[in-house]
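The values are calculated or read from the model by the stated rules, or taken from the named source; none is laboratory data. It should be emphasised that the depicted structure is a prediction, and the values quoted were computed from it without experimental measurement. Virtual Cβ from ideal backbone geometry, glycine too; neighbours counted across all protein chains shown. The accessibility values were calculated without ligands, DNA or RNA, using every heavy atom of the protein model including side chains. Shrake-Rupley method; radii C 1.70, N 1.55, O 1.52, S 1.80 Å.
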Amino acid sequence: MRVDIVSLFPEFIDQCSAFGVVGRARERGLLSLHGWNPRDYATGNYRRVDDRPFGGGPGMVMLIDPLRAAIEAARAADPAETKVVYLSPQGPRLTQAKVRELAARPRLVLLCGRYEGIDERLIEAEVDEELSIGDYVLSGGELAAAVVVDAVARLQEGALNDADSATQDSFEADGLLDCPHYTRPVEHALGQVPEVLLSGNHAEIARWRRMESLGRTWLRRPDLMDEKSLNKADRALLDTFRSRYLRGLDESDGDA
Ligand code: ADE
């Protein structure tokens with residue numbers, strides 16, 4: 001997959017994406033990143049990329065022409081069809097389903113804004129989609145673009161060493177949170193590894209993991225789960241989790 005990043009700080013994303021899974025995906029040739037700096041396309045002595053907003057108010061607005069030229073250069077660098085995605089707090093929130101959709105594309109152009117924003121006419125003319133990484137405001141789109149790059153990189157085939165591990169992640173298996181994980185030692189001052197994980201009984205382990213996933217989602221992110229659409233087996237697992245959890249609360253009340 002090829003990702004082109006239009007940004008005043010393209011090196012930022014390059015450096016964010018040099019390590020771990022993303023770095024490896026790049027080394028393996030599964031992902032290539034290319035930066036395009038609108039300043040390189042700005043004209044005049046000062047190579048301006050921004051100006052004051054019409055109507056007054058604080059901050060600066062990014063100019064149409066340098067951004068447009070940078071986007072055009074990015075588009076022209078590869079013949080594959082591309083989408084231009086503008087990272088902005090005004091877009092719909094990024095989800096794992098959207099990440100999957102983007103990761104399946106041959107290429108992507110990510111547009112990062114700075115200052116107060118981008119001239120609206122550029123957005124209307126060039127942007128196919130806006131995406132936000134959450135309901136908070138960053139000082140620019142670069143961190144958000146790095147998030148998108150990371151999330152799509154790890155889904156490229158061959159990027160993860162254990163091919164299974166992406167499908168077991170939170171949100172991947174039907175939108176539930178992941179179950180808890182443990183490794184050695186079995187006994188530790190901080191607690192014990194749950195017995196069932198040591199049993200070697202794969203059906204029981206799978207059942208426990210499913211119950212924990214359902215339970216965690218119910219506790220932490222009920223917005224992700226539509227209990228009514230759970231099948232009978234899942235509903236029974238969630239009931240078991242819930243009664244154990246509530247009993248645990250009772251016991252800790254008793255301790256107090
Ligand atoms: N740019 C500034 N804030 C952002 C956000 N929350 N998501 C994506 N891009 C942004």
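Numbers at a glance
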| quantity | calculated |
| --- | --- |
| Which listed residue is assigned to a helix (DSSP H, G or I) and over 13 Å from D4 (Cβ atoms), from D150, D135 | D150 |
| Residue within the stretch 18-37 that is buried (at least 17 other Cβ atoms within 10 Å of the Cβ), free of Cβ contacts under 8 Å to residues at least 60 places away in the same chain and farther than 13 Å from A145 by Cβ present | yes |
| Check on L160, modelled with pLDDT under 95 and not charged (D, E, K, R) | yes |
| Count of the stretch 129-150 residues which are among the acidic types (D, E) and either near the ligand (Cβ under 6 Å from one of its atoms) or within 12 Å of R93 (Cβ to Cβ) (or both) | 2 |
| Members of the stretch 27-79 that are part of a helix (DSSP H, G or I) and of a type in the set (D, E) | E27, D40, D65, E72 |
| Residues of the stretch 124-171 satisfying the condition of being open to solvent by 50 Å² or more (accessible area, probe 1.4 Å) and among the small types (G, A, S) | A125, S139, A163 |
| The stretch 96-128: number of residues that are within 12 Å of the ligand (Cβ to nearest atom) and over 26 Å from F54 (Cβ atoms) | 1 |
